[in-house]
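A short worksheet on the structure shown next.
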Amino acid sequence: MVSYETIREWSLRFGRIYAKTLKRRRPQPGDIWFLDEVFVRIRGKLHYLWRTIDQHGNVLDVLVHNRRNKRAAKRFFRKLLKGLCYVPRVIVTDKLGSYGAARREILPGVEHRQSRYLNNRCEVSHQPTRRRERHMRRFKSAGQAQQFLATHSSIHSHFQLRHLDLLRF
């Protein structure tokens, strides 16, 4: 019999190792990135979960931050580019103004599309996070949420079945 505490200890001990290994093995991300943010309540305070996915649905990076301004967007762009060492051709976002301001400073040559409906792919990628959040009975701290989501999203995107893969068979 294995308890929840044992599984939690295993994930804390081995989760980052698996995530780093899978991150090194993953293929080159697509050249269209979808960025979005969603609010998460942690101990009654509002935090924002910034997420980037490519056109294939792979989660590229996650950041938990307490603000939703230009400074937070710039921090997210820097973190994203540092981890991937790759610049996209197109960035698709919702109409939040901080994305445009941060992109003009950090990625001036990248095309930026802002639309309410083009970003639905990233909106749908928040659903597994909400399910995990309910099962865990909320996140306890911003650091714990950042660590868990960064690790779990890279592992989840590696093992998820894609719609296009199902159509081939």
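Take ARG67 and LYS95, extend 7 Å from each Cα along the Cα→Cβ direction, and tell me the distance between the two endpoints in nm.
2.4
With point charges of +1 on the Cβ of Lys and Arg and -1 on the Cβ of Asp and Glu, referenced to the Cα centre of the range 1-79, which listed residue (TRP50, VAL2, ASN66) lies farthest in the positive direction of the dipole?
ASN66
Counting other Cβ atoms within 10 Å of each Cβ, which trypsin sites (Lys or Arg not before Pro) in the range 1-58 have at most 11 and sit in a DSSP loop?
Within the range 1-58, the qualifying trypsin sites (Lys or Arg not before Pro) (loop, at most 11 other Cβ atoms within 10 Å) are ARG43.
What's the exposure ranking of THR52, THR6, THR21, going from fewest to most Cβ atoms within 10 Å?
Details: THR52 25, THR6 10, THR21 13.
By the 10 Å Cβ count, ascending, the order reads THR6, THR21, THR52.
Please list, ordered by chain and number, the residues whose modelled amide H lies under 5 Å from the amide H of GLY30; skip anything fewer than 5 residues away on the same chain.
It is GLN55, HIS56, by chain and number.
First select every other residue whose beta carbon is under 9 angstrom from the beta carbon of GLU37; then total the charges, Lys and Arg +1, Asp and Glu -1.
On the way: positive: ARG51, ARG68; negative: ASP36, ASP94.
In short, 0.
Would you list TYR4, TYR99, TYR48, TYR86 from fewest to most Cβ contacts within 10 Å?
On the way: TYR4 7, TYR99 23, TYR48 18, TYR86 13.
Fewest-to-most Cβ neighbours within 10 Å comes out as TYR4, TYR86, TYR48, TYR99.
Most exposed first by the Cβ proxy, i.e. fewest other Cβ within 10 Å, how do HIS56, HIS65 rank? Provide the component values of the computation, followed by the final result.
Values: HIS56 13, HIS65 18.
Ascending Cβ contact count within 10 Å gives the list HIS56, HIS65.
What is the set of long-range amide H partners of VAL40 at a cut-off below 5 Å, with H atoms built 1.01 Å from backbone N?
Hits under the 5 Å cutoff: HIS47, TYR48, LEU49.
Reachable lysines from LYS79, Cα under 18 Å, same-chain residues fewer than 8 places away excluded?
LYS20, LYS23, LYS70
At 7 Å along the Cα-to-beta-carbon direction for both LYS79 and LEU12, put a label point, then send me their distance in nm to one decimal.
Going by the 7 Å Cα→Cβ label model, 2.1 nm.
Laboratory data are not the source of any read-out in this text; all were calculated from the coordinates shown. Everything numeric here is computed off the predicted structure, so don't read it as measured data. Neighbour counts run over all protein chains shown; Cβ positions are idealised from the backbone, glycine included.
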